[in-house]
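Okay, structure first, notes after.
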Amino acid sequence: MRKNGISKILGIETSCDDTCAAVVELSAAAETSPFGRFDPARSRLNILSNIVSSQTKLHEKYGGVFPSLAKREHQRNLAAVTAQAIRSSGLKKMPKEKLSKEDLSEKVKNLKMIFGKEDDFFLSSAEFLKKTGKPDVEAIAVTIGPGLEPSLWQGINFARAASSWWNLPIIPVNHIEGHIAANFIDQKKNANADIFPAVCLIASGGHTQLVLMKGIRKYETLGESRDDAAGECFDKAARILGLGYPGGPAIAKAAKKFDHQDPDLKIKLPRPMMFTKDYDFSFSGLKTAVLYDFKKRPEKMQRSKNYAKAMAHEIQEAIVEVMVYKTLKAARTLQARSIITGGGVTASERLSSRFRSEIAKLYIQPDLLVPAKDLSADNAAMIAAAAFFDPDKISGWKKMEADANLRI
Ligand code: KG4
Ligand code: ZN
């Protein structure tokens with residue numbers, strides 16, 4: 001099945017509000033599994049295509065993701081996004097399979113079973129599959145959790161349909177593992193095998209987690225947020241300040257313009273759980289502190305740009321400081337050789353610059369891995385990449401289920 005040590009996987013990701021499809025190739029692996037297994041010292045993961053259809057504009061007025069709307073959009077977008085991912089990947093065209101009437105009706109029957117009463121989704125998927133020849137990949141990878149259950153199911157059902165139609169195995173992928181895998185994609189040189197043990201900080205709109213990674217697929221959760229995720233806190237605070245959605249980039253932009261000389265605007269927010277003995281986080285109190293400070297200000301100030309800039313600066317400092325402090329504490333205690341970051345929040349320039357300056361103060365300095373800018377937020381390339389971590393975890397299309405609370 002595998003030619004010249006190269007294999008390709010089509011990835012599908014719909015755990016939240018982005019509809020994503022991608023094709024990723026593993027090269028120079030020499031393993032015995034049906035597809036090559038990723039080895040950070042010996043193999044490379046290359047993106048052939050990576051398509052993200054963002055729903056941000058749609059959810060903007062809610063200040064967060066509205067699940068039933070996200071579900072509907074995934075159903076509308078999946079066929080087109082996947083077609084584009086296959087088209088732009090440069091995969092060679094496979095000879096078209098000649099289907100007998102019986103074969104075709106069997107395939108359509110499977111799709112009906114998968115999509116149930118979702119008629120429009122059935123129609124768009126069936127049309128796509130009839131039109132698109134089987135792509136030159138050996139498997140389909142799909143996110144099964146964690147995430148929003150209605151969103152997850154759309155990607156899963158679409159992947160099941162493609163799997164049954166094209167006769168390709170499916171590899172179920174954990175979204176958090178995908179964020180970690182994003183660090184290993186398109187690296188110019190092979191990552192050194194000495195990066196382990198690593199401490200991984202995953203920070204997004206839905207998650208804030210610290211994970212000890214002893215090797216590929218060897219994980220231990222160290223701690224996580226007890227309430228709001230870091231990105232959620234950015235999003236909610238930005239909404240209070242009228243800075244727009246998503247909050248992380250909006251706050252980063254406003255914070256950059258903050259004038260440190262302004263004497264009226266000394267704001268000090270708490271650093272929640274910074275010095276607790278565990279590796280957990282809590283960001284909902286921070287959002288409440290922002291709201292209290294906002295409410296006590298005169299109306300004119302609430303609407304002033306200077307206030308928004310000062311507050312944005314302080315929120316960013318508070319979130320970044322807590323995350324950097326706790327991650328480095330874990331890294332020191334567990335003698336980590338590297339810090340691996342992932343998730344939309346790790347696109348924060350302030351976060352990586354703070355990591356760098358704090359790491360520089362350490363006697364033993366771990367490496368810092370930050371995914372490429374377009375790979376820190378949700379995408380399907382990271383899902384296909386993570387599938388190469390365990391390509392033997394193959395499942396049949398009949399058995400797949402979403403697990404909104406899946407753990408790493
Ligand atoms: O990983 P992601 O795209 O989706 C989830 O799985 O949630 O992360 C989205 C989150 C949002 O909360 C957004 O505000 C935040 O990542 N974010 C940032 C930045 N870019 C996106 N937070 C801080 N700084 C940024 N530059
Ligand atoms: Zn994510």
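The values are calculated or read from the model by the stated rules, or taken from the named source; none is laboratory data. Here the structure is a predicted model, which means the values were calculated and not measured. Note that each Cβ is placed from the backbone with ideal geometry, even for glycine, and that neighbours are counted across all protein chains shown. Keep in mind that these areas ignore ligands, DNA and RNA; they rest on the heavy atoms of the full protein, side chains included. Shrake-Rupley method; radii C 1.70, N 1.55, O 1.52, S 1.80 Å.
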Worksheet item: What single numbered condition from (1) assigned to a helix (DSSP H, G or I); (2) touching a residue at least 12 places away in the same chain (Cβ under 8 Å); (3) of a type outside the set (Asp, Glu) fails to hold for Arg72?
Response: (2)
Response to the item:
Note on Leu212: of the conditions (1) open to solvent by 30 Å² or more (accessible area, probe 1.4 Å); (2) farther than 29 Å from Gly396 by Cβ; (3) more than 14 Å from ligand 1 (Cβ to nearest atom); (4) outside any loop (DSSP other than H, G, I, E, B), unmet is (1)
Practice prompt. Would you mind finding the one in Gly145, Gly116 that is on the phi > 0 side of the Ramachandran plot and open to solvent by less than 10 Å² (accessible area, probe 1.4 Å)?
Written response: Gly145
Worksheet item: Among Glu60, Glu106, which is the only one that is more than 30 Å from Ile195 (Cβ to Cβ), open to solvent by 30 Å² or more (accessible area, probe 1.4 Å), acidic (Asp, Glu) and touching a Phe, Trp or Tyr at 6+ places or on another chain (Cβ under 7 Å)?
Response: Glu60
Fill in: Considering residues of the stretch 247-265 that are assigned to a loop (DSSP other than H, G, I, E, B) and open to solvent by less than 50 Å² (accessible area, probe 1.4 Å) only, the residue farthest from Thr333 (Cα to Cα)
Asp262
Worksheet item: Do you know which residues across the stretch 323-343 are under 23 Å from His175 (Cβ atoms) and in a helix (DSSP H, G or I)?
Response: Met323, Lys326, Thr327, Ala330
Worksheet, complete the sentence: Given the conditions (1) in contact (Cβ under 8 Å) with a residue 12 or more places away in the chain; (2) of a type outside the set (D, E, K, R); (3) surrounded by fewer than 16 Cβ atoms within 10 Å (Cβ to Cβ); (4) under 30 Å from Thr221 (Cα atoms), every one holds for Asn306 apart from (4)
Worksheet item: outside any helix (DSSP H, G or I) and either open to solvent by 70 Å² or more (accessible area, probe 1.4 Å) or in contact with a strand residue (DSSP E or B) (Cβ under 9 Å, 6 or more places away or on another chain) (or both), is that true of Lys268?
Response: yes
Item to complete: Could you check Ala347 against (1) in contact with a strand residue (DSSP E or B) (Cβ under 8 Å, 6 or more places away or on another chain); (2) within 16 Å of ligand 2 (Cβ to nearest atom) and say which number it fails?
Response: (1)
Worksheet item: Is it fair to say Ala330 is open to solvent by less than 10 Å² (accessible area, probe 1.4 Å), touching a residue at least 24 places away in the same chain (Cβ under 8 Å) and farther than 23 Å from Cys16 by Cβ?
Response: yes
Worksheet item: For the stretch 279-309, how many residues are at pLDDT 95 or above, over 19 Å from Ala252 (Cα atoms) and outside any helix (DSSP H, G or I)?
Response: 4
Discussion item. Of everything in the stretch 367-391, what is touching a residue at least 40 places away in the same chain (Cβ under 8 Å), more than 18 Å from Tyr219 (Cα to Cα) and either part of a loop (DSSP other than H, G, I, E, B) or open to solvent by 10 Å² or more (accessible area, probe 1.4 Å) (or both)? Give them in sequence order.
Written reply: Asp367, Val370, Pro371, Ala372, Asp374, Ala377, Asp378, Asn379, Ala380
Worksheet item: Of the residues that make up the stretch 362-383, is at least one more than 18 Å from Leu201 (Cα to Cα), within 15 Å of ligand 2 (Cβ to nearest atom) and at pLDDT 90 or above?
Response: yes
